[in-house]
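Shown next, in structure tokens, is the structure this report addresses.
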Amino acid sequence: MVNFKNRDIISIHDFSKEDIMHILKTAKRFKAAPAPGLLKNKILASLFFEPSTRTRFSFESAMQRLGGSVITLADAKTSSSAKGESVADSIRIVEKYCDVIVMRHSIEGSARLAAEVSNNPIINGGDGANQHPTQTFLDLFSILETQGKLKGLNVAIVGDLKYGRTTHSLAYALGMFGSRLHFVSPVSLQMPNHVMHELKKMKAKFTIHQHPEKIMPKLDIFYATRIQKERFPDPVEYEKVKDVYIITNKLLTKVKKNFRILHPLPRVNEINYEVDTTPYAYYFQQANNGLYVREALLALTLGKI
Ligand code: CP
């Protein structure tokens, strides 16, 4: 029996396959049947020290759809962090005003630190270039929805693998479920050594590529990511790689019928708009699934299901 009450959601490493399947099954229940009133009188504090559209709005919408309410920080400049208050002190205060906290911060490890000082559950909405576990749960939900399984798939993870926190969390999770990973990136943005080291320890299967063309016919999932300008210390380095992968219909001529393109979004140039109307585009449905996955996470951590 999986018990999530009061559990923090910080890193994919904290979850077993059984845990993840429980989250995905709960999300499927919410997608099939809304549960208004389930979280009545509960308050979500939504603390976003970095910009967000999907993660913040889907968490806030999820809480409101379940009958709860939301207090929110969407701009760090309007909070006392602008006066120098530490993350730990901010959390010690905000936890007194709410029942659960979702937080995004630029510093790797900040969510873990928040969990250490909070009595309420902390949900990591992205900590620097480290992890974005709730994105991974909705990615897995979308993969399961389109492929019917998480094991034995060929998944390309493409783009900014160095700074892309969603790619790190997803690689760990798919490695755990036994899918074959194909990392496609420029050399300067390859998957960090510590992630590959961890994947080897897990006996996950992965290969490294600089171009996707040759592997397209074998892929089930193409997970595209944005090259994250804001994380480059040197703008010149960003200019060199910014448009390195642009998916157009031409790239999709030899793909399998079940092939789907996912993207955590936002996109800049990496998926041409012409692709949106092909049967392979699944990134908008994927973003929609974020709502159900986040409803599940709120209900589970608050012990209501
Ligand atoms: N996928 C994702 O994290 O999107 P936002 O940055 O808009 O939250």
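The values are calculated or read from the model by the stated rules, or taken from the named source; none is laboratory data. All values reported here derive from a predicted model rather than from experimental measurement. We place every Cβ from the backbone using ideal geometry, glycine too, and count neighbours over all the protein chains shown.
Here are the numbers:
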item: Residue satisfying condition, being buried (at least 20 other Cβ atoms within 10 Å of the Cβ) and within 30 Å of M63 (Cβ to Cβ), within set Y282, Y245; result: Y282
item: Residue that is nearest to the ligand (Cβ to nearest atom), among those in the range 129-145 that are of a type in the set (V, I, T) and within 8 Å of the chain's Cα centre (by Cα); result: T134
item: Selected residue [acidic (D, E), in contact (Cβ under 8 Å) with a residue 60 or more places away in the chain and either more than 14 Å from the ligand (Cβ to nearest atom) or not assigned by TED's automatic domain parsing to the domain that holds G164 (or both)] from D89, D99, D75; result: D99
item: Out of R112, R104, sole residue that is more than 30 Å from K214 (Cα to Cα), within 13 Å of the ligand (Cβ to nearest atom), of a type in the set (K, R) and not assigned by TED's automatic domain parsing to the domain that holds Q228; result: R104
item: Condition broken by M21, with the remaining ones in (1) in a helix (DSSP H, G or I); (2) surrounded by 17 or more Cβ atoms within 10 Å (Cβ to Cβ) satisfied; result: (2)
item: Residue count, the range 248-279 (criterion: more than 15 Å from Y223 (Cβ to Cβ), within 14 Å of the ligand (Cβ to nearest atom) and either crowded, with 16+ Cβ neighbours inside 10 Å or aromatic (F, W, Y) (or both)); result: 0
item: Options F4, F59; residue that is among the aromatic types (F, W, Y), in a helix (DSSP H, G or I) and either in contact (Cβ under 8 Å) with a residue 12 or more places away in the chain or more than 16 Å from the ligand (Cβ to nearest atom) (or both); result: F59
item: Enumeration of residues in the range 146-187 that are in a helix (DSSP H, G or I), within 14 Å of the ligand (Cβ to nearest atom) and surrounded by fewer than 23 Cβ atoms within 10 Å (Cβ to Cβ); result: none
item: Within the range 38-56, tally of residues that are assigned to a loop (DSSP other than H, G, I, E, B), near the ligand (Cβ under 9 Å from one of its atoms) and not polar (S, T, N, Q); result: 2
item: Number of the exception - E230 against (1) more than 18 Å from S142 (Cα to Cα); (2) more than 16 Å from the ligand (Cβ to nearest atom); (3) not small (G, A, S); result: (2)
